[in-house]
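Structure record follows, encoded as structure tokens.
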Amino acid sequence: MSDAIKPTPNFNTPIPESILTPDKVETRIGTLEFFDGLPTPETSQKVWDNLDFLRGVETFLNGIPIASLEALRLGHVQMGVTNSSQMLLADQLLDSNPLFLTGNTDTVYCSGFLDLERDGPTVVEIPPGCGPGTVNDAFFRFVIDMGAPGPDRGQGGSYLILPPEFDDEVPEDYFVAQSPSYVNWVILRGFLVDGKPDASSAMFKNGVKIYPLKDKAAPPQMEFVSFSREILNTIHANDYEFYEELDVVIQREPVALIDPEIRGLFASIGMVKGRPFAPDARMKGILTEAVAVGNASARSIVFNPRIEETYFYPNSAWITGFLGGSHEWLVDGGLGGRYLDARTLFFYAATVNTPAMALKMVGVGSQYALASKDKDGNYLDGSKNYKVNIPTDPPAKDFWSLVVYDPQTRSELQTGQPYPSKNNKRDDLIYNEDGSVDLYFGPNPPAGFEKNWTQTVAGKGWFVILRLYGPLEPWFDKTWQPGEFELIS
């Protein structure tokens, strides 16, 4: 027999080396040992621990949208909003007291939750003139838009949200959407009038009605609970508690809400509908470490992204929150599957999932850009002073704003200023001769430019989001570009 066809030792024929397992392999989880491909008990334990750890990390990253919407619901409950006829209202705008993922200081939020399992088909009536509104399901997926980007086109109307199992005849005279979940978030936004929230607050109080369809003849009285200046939390946990938050949703919602692949991932660490989530001490220890790595992963994706397409411009710190231009985070219409890191980027930092934020809709909806670094690539430091230029003619039909956030909470930065932001329709800014405006950031105001200054906190980081409501063509074709953050001192 020639050397070319000499049998492999202990075999009758030549065996490709690529399919064989050595007796010892060095890996990042340690030395793995085998007897003729059979793992030793110690090796099996290492890989089981590693599998549980990896699945714990992936459960965190894939479960962020679910846990985030559940945290929003719990924040409403904290304020006594427990049924669909009650809504939170930022009647004095959203200041920095409530913990609310990258909420803005520029629109009047009207926010509530539907329970379609309890109430059945539910009617949402919105008034004419309502700004962008959206319904999202318990997986933070888009159900339907309302207001300007919705089918009522800002003229107001009655929407009917159907529960997952509904298969009866659908009543006429409604804009109808069927949700895959029982719990759904309704978030409406109203614009400032003369720089004030009063008109939109009154519009919501007088014009919004939510009630079960079965109660159409005698709808319950609406109750609007102000959450301006209130202390509440709407953000999911970043420790072991995260898994418990996620399990609540798994137990409550229909099985079909989550596809079998992700459902299997969650089940692999012990979360199965109809069964108690009760990891033993070993598993709880692994999950505690996994959520820490998952949290670090999400923070790296948001604040230090490695994907080139995340950045709006070359050599710029400005990034998009909707990488890929799809509210479903699909690559090439789905040919490339789901852009998992892009989904994490959005939901770890933000809320409200709607095509109106992802698609090119000139003059309608809103567009966003986030920056956490200066022009030299260094994180923004609350101990230092910075300047950024907003060039002439920002492409926003309705308004533009720039809000400062805390990287820990991803909520508005808490400082001596209750509204850490600047808005071209609300603030009396000092403009340059060419029509541009320089905005300043630091622990103390710059002399002569106090009106253009937003306070930061020594010893803390910060980041910003630029908002364009009613975005215009120069934003989409990138002929208009915001300046970079320049370190002054």
Practice task
Return the whole-Å distance between the Cα centroid of region 220-244 and the Cα centroid of region 256-326.
Solution key: 21 Å
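Just the Kirkwood number for region 383-480, please: inverse of mean 1/r across all distinct Cα pairs, in Å, one decimal. Intermediate values should be presented prior to the final figure.
Details: mean 1/r = 0.0707 Å⁻¹.
Computed over Cα pairs of region 383-480, the Kirkwood hydrodynamic radius comes out at 14.1 Å.
List Glu125, Glu70 from most exposed to least, where exposure is judged by having the fewest other Cβ atoms within 10 Å. Before the final figure, lay out each step's value.
Values: Glu125 16, Glu70 23.
Ranked by crowding around the Cβ, least crowded first: Glu125, Glu70.
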Handout entry: For the chain, calculated [θ]222 nm from helices alone, where every DSSP H run of n ≥ 4 adds -39500 (n - 2.57)
Key = -7500 deg cm²/dmol
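Could you list Val186, Val143, Val248 in order of exposure, starting from the residue whose Cβ has the fewest other Cβ atoms within 10 Å?
Arranged by neighbour count, lowest to highest, Val186, Val143, Val248 become Val248, Val143, Val186.
Given N residues in the chain, what is Rg(Cα) / (2.2 N^0.38 Å)? If you can, show how the numbers build up before the last one.
Values: Rg = 25.8 Å, N = 489, 2.2 N^0.38 = 23.1 Å.
This ratio for the chain stands at 1.11.
Given charges of +1 on the Cβ of Lys and Arg and -1 on the Cβ of Asp and Glu, with all other atoms neutral, how large is the dipole of the chain about its Cα centre, in debye to the nearest 20? Display every interim value, and only then the final one.
Numbers: 40 positive and 64 negative charges, 115 e Å.
Here the size comes out at about 560 debye.
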Completion exercise
Partner lysines whose C-alpha sits under 29 Å from that of Lys360, ignoring same-chain residues fewer than 8 away, are Lys196, Lys373, Lys375, Lys397, Lys422, Lys425, Lys478
Problem - Spatially proximal lysines relative to Lys273 (Cα-Cα < 26 Å; intrachain offsets below 8 disregarded) - result: Lys284
Problem - Farthest positive-ward along region 305-487 dipole, Cα basis, beta-carbon charges - from Phe476, Gly321, Phe449 - result: Gly321
Exercise for the section: Decide, for region 337-424, between rounded, prolate and oblate: order the square roots of the alpha carbon gyration tensor eigenvalues as a ≥ b ≥ c, take rounded if a/c falls under 1.5, and otherwise choose prolate if a/b is larger than b/c, else oblate. Expected result: oblate
Practice task
Return the sequence-ordered ³J(HN,Hα) values of region 225-238 in whole Hz as given by the Karplus equation 6.51 cos²θ - 1.76 cosθ + 1.60 applied to θ = phi - 60°, using x for Gly and Pro.
Solution key: 9, 5, 10, 5, 6, 8, 9, 8, 10, 10, 10, 5, 6, 10
Exercise for the section: Over 22 Å, how big is the tail of the calculated P(r) for region 80-226, in percent of all Cα pairs? Expected result: 35 percent
Fill in the blank from the handout: Checked region 194-238 with the C-alpha gyration tensor, a ≥ b ≥ c its square-rooted eigenvalues, rounded below a/c of 1.5, otherwise prolate if a/b is larger than b/c and oblate if not; verdict oblate
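Counting other C-beta atoms within 10 Å, which of Phe227, Phe140 has the fewest, and how do the rest follow?
Numbers: Phe227 27, Phe140 22.
Ordered by Cβ neighbours within 10 Å, fewest first: Phe140, Phe227.
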Problem - Kyte-Doolittle mean at least -1.0 and Cα axial length at least 18 Å: DSSP H helices in the chain - result: 41-78, 281-303
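Pull out a ≥ b ≥ c, the square roots of the eigenvalues of the alpha-carbon gyration tensor of region 305-487, then state rounded if a/c is under 1.5, prolate if not and a/b is larger than b/c, and oblate in the remaining case. Intermediate values should be presented prior to the final figure.
Working: a/c = 1.90, a/b = 1.43, b/c = 1.33.
Judged from the Cα gyration tensor, region 305-487 comes out prolate (a/c at least 1.5, a/b above b/c).
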Completion exercise
Amide H neighbours of Ser366 at under 5 Å, excluding residues fewer than 5 places away on the same chain, with H built from the backbone geometry, are Gly470
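If you wrap a convex hull around the Cα atoms of region 246-310, how much volume per residue is inside, in Å³? Mind showing how you got there, number by number?
Working: hull volume 7.5 nm³, N = 65.
That works out to 116 Å³ per residue.
Just so you know, all these numbers are worked out from the coordinates, no wet-lab data involved. Keep in mind the model is a prediction, meaning the values are calculated, not measured. Methodologically, a virtual Cβ is constructed for each residue, glycine included, from the backbone with ideal geometry; neighbour enumeration extends over all protein chains shown.
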